[in-house]
1. Can you give the accessible area of LEU41 in Å² (nearest 10), computed on protein heavy atoms with a 1.4 Å probe?
2. Taking the Cα centre of the chain as the origin and placing charges on Cβ (Lys, Arg +1; Asp, Glu -1), which of PHE144, SER83, VAL198 is farthest toward the positive end of the dipole?
3. Once phi is turned into ³J(HN,Hα) by the Karplus curve 6.51 cos²θ - 1.76 cosθ + 1.60 with θ = phi - 60°, what whole-Hz value does each residue of region 136-151 show in order, with x for glycine and proline?
4. Over the chain, what percent of the accessible surface lies on carbon and sulfur atoms, probe 1.4 Å?
5. With both partners inside the chain, how many of the DSSP beta bridges are antiparallel, as a percent to the nearest 5?
6. Over region 141-190, with the other protein chains present, what is the accessible area per residue in square angstrom, probe 1.4 angstrom?
7. Under a crude label model (7 Å from the Cα following the beta-carbon direction), how far is ALA125 from THR89 in nanometres?
8. Apply 1/(1 + (r/R0)^6) to the Cβ-Cβ distance of VAL198 and LEU141, taking R0 = 22 Å, and write down the FRET efficiency to the nearest 0.05.
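The values are calculated or read from the model by the stated rules, or taken from the named source; none is laboratory data. This one's a predicted model, so the numbers in the text were calculated from it and none came from an experiment. Cβ placement follows ideal geometry from the backbone for every residue including glycine, while neighbour counts extend to all protein chains displayed. Please note that ligands, DNA and RNA were not included when accessible areas were found on the heavy atoms of the full protein model with its side chains. Shrake-Rupley method; radii C 1.70, N 1.55, O 1.52, S 1.80 Å.
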Amino acid sequence: VNRALGRLLGHACSELEGRHVSAFTHPDHRAADAQAMSAMLAGETDSYRAEKRYLHANGEAVWAALSSTLVRRDDGTPLYFLSQMQDVTERRSHEAELRHLADHDPLTGLLNRRSFERELERHVAHVERYGSRGAALVLDLDHFKTINDTLGHGAGDELIARVARALRARLRESDVLARLGGDEFAVLLPEGGRDEAVQV
């Protein structure tokens, strides 16, 4: 254990030494770790690489790139695992943010046109296989240009954000809501049909 690992996990080195690494491994990754260690001990592989979560002293999960190797004696008897962990929490956070921005409208946080089209294609494939159901609604705001022209784009943005919140509050968690662009919104109701669409 070195000071860098202590900083990564929020513990003094003395608190880490002598404890099994699984005590600091996120529960979701313990089985994969155990399987990888068993494979190295059995001679099936020489090393193990993964990005996984560890548990920080404050209870939060931190991401690290793990590189682990089994060190053996000359006769092949296992001595110990030599592991290096590199903090990749910030990089993974930025990647998640970029993925979110690629699929969501930055003003409302709703799905964007590309994401809605993907959800719609998935629903159409489901309908082709299991039968017709669901409905799609497309709506826009009347006289939205007048709001922008008379009150400014800030007011227009606020109106779009409020409409998005109102629509989200009206729909179920399973319904798909997206901003297609400008003042256009779309809703996919996976269940029901025309009557439900009219009610919504």
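1. 90 Å²
2. SER83
3. 10, 10, 10, 9, 9, 9, 5, 6, 5, 4, 5, 4, 4, 6, 9, 10
4. On the chain, the fraction of accessible area on carbon and sulfur atoms equals 50 percent.
5. Percentage antiparallel, nearest 5: 95.
6. 57 Å²
7. Once both label points are built, they end up 3.7 nm from each other.
8. With R0 = 22 Å, the Cβ-Cβ based efficiency is 0.65.
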